[in-house]
Every structure is written in C-alpha cells, then in structure tokens.
1. Under the condition of being under 16 Å from residue 65 (Cα atoms) and free of Cβ contacts under 8 Å to residues at least 60 places away in the same chain, which residue from the range 107-152 is surrounded by the fewest Cβ atoms within 10 Å (Cβ to Cβ)?
2. How many residues does the range 94-106 hold that are without any contact (Cβ under 8 Å) to a residue 40 or more places away in the chain, surrounded by 14 or more Cβ atoms within 10 Å (Cβ to Cβ) and not in a helix (DSSP H, G or I)?
3. Keeping to the range 97-108, report how many residues are at pLDDT 95 or above and in contact with a helix residue (DSSP H, G or I) (Cβ under 8 Å, 6 or more places away or on another chain).
4. Among what's in the range 117-139 and is out of contact with any helix residue (DSSP H, G or I) (no Cβ under 7 Å at 6 or more places or on another chain) and in a helix (DSSP H, G or I), pick the residue that is farthest from residue 89 (Cα to Cα).
5. Residues that are surrounded by 21 or more Cβ atoms within 10 Å (Cβ to Cβ): which helices (runs of 4 or more DSSP H) entirely in the range 1-93 hold 2 or more of them?
C-alpha cells in the first residue's frame with residue numbers, strides 16, 4: 001500500500017468524521033429522541049456525550065479502512081484505535097484545562113477543539129500506520145468494543161461524575 005493512498009484515506013476519514021460528528025450533535029433531537037439513536041449521538045451537552053461525536057465517525061472509518069487498507073497494513077487497527085483514544089483524550093484534557101482557567105465553556109472553542117481532535121487523531125493514526133510498530137489486533141479490537149459498550153451503557157446509566165453532566169443544566 002503506498003503512502004499517498006494511505007494519506008488520502010486519512011484525510012478523507014478526517015473530513016467524514018468532522019461532517020458526521022457535526023450532524024450527530026443534532027440527530028438525536030431530529031429523530032424525536034429515539035433511544036436507538038441515543039446510542040451513537042449526543043443526548044445532552046456533557047463532555048462524555050460529545051465524545052460520541054468523535055468516536056462513532058472515527059470507528060466507522062476504522063471499520064471501512066480495515067477492509068480497504070488494514071489487510072495490507074498489519075498495524076492499521078492499532079494505529080486507528082490509538083488515534084481515536086488520542087483524539088478523545090485531547091477533547092477531555094483541553095476542555096477541562098481551558099474551562100478551569102477561564103471558568104466557563106465557550107461554544108466556538110468547543111467546536112474548534114472537536115475539529116482539532118479529529119485531525120490530531122487521524123494524523124496519529126496515519127503516522128502509526130506508516131511506522132513499524134508491533135500491534136496486537138485482538139487488543140485493539142477489545143479496546144474499541146469496550147469503548148463502544150461503555151458509550152451505550154453510560155448513555156442510560158451515567159455515573160455521577162462531572163464528565164457525564166451537562167455543564168449548563170447539570171443533567172447527566
């Protein structure tokens with residue numbers, strides 16, 4: 001698999017994740033608060049629910065990419081998993097750092113950090129895909145499935161922690 005083809009795939013993945021993630025912010029309301037749609041879209045303004053906007057589009061590109069690229073790139077699945085985790089951690093760390101410093105959340109900064117996180121995650125995935133790291137596809141799959149399950153479970157049974165509470169309403 002050539003470098004240019006993989007780079008173009010990662011760019012397309014980032015664009016797809018940004019567009020779908022943006023749509024997923026609204027789709028729960030658009031679908032009449034469907035319990036099925038709640039699994040993969042934000043149901044409130046909590047940081048946890050906003051991580052879904054990143055996770056699910058990037059998971060979709062991981063699955064598609066595994067069929068397209070992953071067969072020829074032994075570390076593709078690990079690279080994508082680490083890219084997703086990096087992007088999620090960036091959102092969490094950045095949000096709590098800047099809101100801790102200035103004392104409030106600013107929508108424009110939150111939106112911009114989402115796009116930065118997606119690009120960062122896809123860049124990490126690209127660099128790791130091109131590297132010679134050793135990878136355990138089973139571990140990567142278990143981590144991705146575990147995160148997916150946690151998103152579904154915590155949609156309905158959110159722990160009483162700040163990350164699960166909407167900043168304005170305090171609902172979680």
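The values are calculated or read from the model by the stated rules, or taken from the named source; none is laboratory data. Because the structure is predicted, anything quoted here is derived from the model rather than measured. A quick note on method: Cβ atoms are made from the backbone with ideal geometry, for glycine too, and the neighbour counts reach across all protein chains shown.
1. The residue in question is 127.
2. Residues meeting the conditions: 0.
3. 1
4. So the residue we want is 138.
5. Passing ranges, in order: 3-30, 47-65.
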